[in-house]
Amino acid sequence: MPSQNKLILDIETVGEDFQSLDEATQDALTRWIKKEAVDEESYKMELEELKNGLGFSPLTGEIVVIGVLDYYKNEGVVYYQAPGEKHEDFTEEGITFKQFGEKEMLEKFWDGARHYQCFVTFNGRGFDIPFLMIRSAVHGIRPTKDLMRGRYVYQHNADAIHIDLQDQLTFYGAVRRKGSLHLWSRAFGIKSPKISGITGDDVGRLFKEKKYLDIARYNVGDLRATRELYEKWEKCLNF
């Protein structure tokens, strides 16, 4: 697909503070734990896991970073939240960092998406894109591209092709274990962003600690690794 503009994308999310949720919401989230927990200790463990996982749902979480990388230019933009702070735009190694709130980030992303026909993610169908679309709708924003149309690439519109590398590399689930971006990067000799010591599980903690730029720079690592992994797939496995 050499004639198409291609965009690599990745997001980072955090969950709401469980204690700040109203009683009805807390009950809805914990009802199944109360039913299945065999004792008080297992209940506490499941509850803690639930609290730490609120950022994985657009119903209880929000986007704090949206990173995009133009495949051909190898340049991009990272939009990030930094509540209570005022940061000036700056550029590092071809990536421009811009501070916005969630609504503004989403508006910028979908406006830029108009100029691309092919979108590349890792597990984007299972996480990034549904999260982007639901959070956009929450803010009253209509996505400019339908990146969830059909599961298979041939079902996509010509101006909104979504290459989810996890789907492609596992042949839509034929490979028994899907594997993380880190494992696929390691297998293909690509520098993994996890080598820096930060993983997706750390994002919530870092956000609470106001280490906003650490999260933004971690996102860049994911973008770079996804781009290199796409090149491997395009060269050897895209028939």
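Only the coordinates and a few stated rules stand behind these numbers; no lab work does. Note that the structure is a prediction, hence the values are computed from the model and not measured. Because the Cβ atoms are built from the backbone with ideal geometry, glycine has one as well, and the counts that use them run over all protein chains shown.
For the stretch 91-174, the set of chymotrypsin sites (Phe, Trp or Tyr not before Pro) satisfying both a DSSP loop assignment and a count of at most 14 other C-beta atoms within 10 Å is given as Y152, F171, Y172. The stretch 73-130 to the stretch 46-69: how many Å between their Cα centroids? The stretch 73-130 and the stretch 46-69 have Cα centres separated by 17 Å. Span-like helix criteria (full DSSP H runs; alpha carbon extent of at least 15 Å along the helix axis; mean Kyte-Doolittle hydropathy of at least -1.0) are satisfied in the chain by 212-236. Each residue of the stretch 81-96 was assigned a 3J(HN,Hα) from its phi angle through the Karplus curve 6.51 cos²θ - 1.76 cosθ + 1.60 (θ = phi - 60°); the sequence is 8, 8, x, x, 10, 10, 10, 7, 4, 8, 10, 9, 6, x, 10, 9 Hz, with glycine and proline shown as x.
Under the convention that each Lys and Arg Cβ holds +1 and each Asp and Glu Cβ holds -1, the size of the dipole of the stretch 1-147 around its Cα centre is about 820 debye.
Set the bar at 20 Å for Cα to Cα. Now go through K145/K194; K6/K194; K73/K232; K86/K211 and name every pair that lies beyond it.
K145/K194; K6/K194
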